[in-house]
């Protein structure tokens, strides 16, 4: 079987990619590599955990020796690298955690991939990144693949650095690579530190909805299942050495998005219209907050034929329904139960 390592496969985006590849490519052995931090949850993959072409390995990509051992064991033809610390607020509090995982972890993977292959024919290293590396936009314009990097947070700086290392290893050592930069993802299984699942949970519990600054920060939103489809396309059909921007072809200010979310939640919970909006609370802005992100996804659309399958409103409705129908999952991931379980389980190995 063709061995493909997917890092961060127990996380939000990664679990959707793992599921897609396991179900779609029976000729691949998918090795899900995840250290199982607070945002990694094997429950996300309970439906495919017994598949004959699926393997899980708990490995910290910051540990170079462990990464080397992993690559020696499986000799992967491909790597799809999603593992990352990804929350801007956390990066402001602990930048070094982002340096270790996002930069050092990426270099460790590149070194191991380079070491095991004398011939890169048919091999590929695929690095998934973010639109935040481009910095901030004014009222006009879009991020293109040629937009200069201008990161403004420790998170985006760490991802920008890892992007540069991937390209540098391609130029220096000949590693075949592709890079994608995506907009804000939303959908099922997202840890509730991010805006949409956090606000869904807060509305259910009647807690405040904290909105940074004036609420006019603008983002492009990408449904996670559509992102997984794009990753599949880029891995198999993208050109080596190329970058592809992946976006949802839509922009929303935070406050407008929150109001749409509140309206849908009121309808689904059978509450009086406008009741959820009363929970909106404006809070002090965070440092280095980029005003606007917006991706031009023309390249991946024209060259690979990818386009979103749902509108934002449709994807949001699917997402809300999933969280409302999976209250136990939400309760468990917010209680720390899974982190303790995994730590205890793997400490015995």
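Below, the figures for the structure above:
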read-out: Cα gyration tensor shape for the stretch 1-93, rounded if a/c is under 1.5, else prolate or oblate; value: oblate
read-out: Rg over Rh, two decimals, the stretch 48-124 (C-alpha only, Kirkwood Rh); value: 1.03
read-out: Share of alpha-carbon pairs per 10 Å distance bin for the stretch 66-218, given as whole %; value: 10, 33, 32, 18, 7, 1
read-out: Sorted by Cβ density within 10 Å, fewest first, the residues 226, 94; value: 94, 226
read-out: Segment residue 93-residue 171, extension gain: residue separation times 0.36 nm, minus the distance between their alpha carbons; value: 24.7 nm
read-out: Point-to-point label distance, residue 164-residue 256, nm (Cα→Cβ direction, 7 Å offset); value: 3.5
read-out: Length-normalised contact order of the stretch 195-285 in % [C-alpha pairs under 8 Å, at least 6 apart]; value: 46
read-out: With Cα atoms, 0 to 90° folded angle of helix 312-325 axis to the chain main axis; value: 90
read-out: Spacing of the two label points (7 Å from each Cα toward its C-beta) at residue 100 and residue 23, in nm; value: 3.5
read-out: Förster-model FRET efficiency, 22 Å R0, residue 205 and residue 283, C-beta, rounded to 0.05; value: 0.80
read-out: Efficiency of FRET from Cβ geometry, residue 116 and residue 310, R₀ 30 Å, rounded to 0.05; value: 0.15
read-out: Pairs of Cα atoms farther than 12 Å apart, the stretch 199-253, %; value: 76
read-out: 0 to 90° range, to nearest 10: angle between helix 337-347 axis and the chain longest Cα axis; value: 20
read-out: Contour minus Cα-Cα distance for residue 321 and residue 46 (0.36 nm per residue); value: 97.1 nm
read-out: Convex hull volume of the chain per residue (C-alpha atoms, cubic angstrom); value: 133
read-out: Mean separation of Cα contacts under 8 Å, 6 or more apart, over the residue count of the stretch 117-183: relative contact order %; value: 51
read-out: Rounded D (µm²/s) - the stretch 217-291, Kirkwood Rh over Cα pairs, Stokes-Einstein at 25 °C, 0.890 mPa s; value: 158
read-out: Separation in nanometres of the label points that stand 7 Å from Cα toward Cβ, at residue 275 and residue 1; value: 4.9
read-out: Principal-axis tilt of helix 105-116 within the chain, Cα atoms, nearest 10 degrees; value: 20
read-out: Largest-first ellipsoid semi-axes for the stretch 179-312, taking √(5λ) over the Cα gyration tensor eigenvalues, angstrom; value: 31, 17, 12
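Each value in this text was obtained by applying a stated rule to the coordinates, not by laboratory testing. All figures in this text were calculated on a predicted structure; none of them were measured in a lab. Note that each Cβ is placed from the backbone with ideal geometry, even for glycine, and that neighbours are counted across all protein chains shown.
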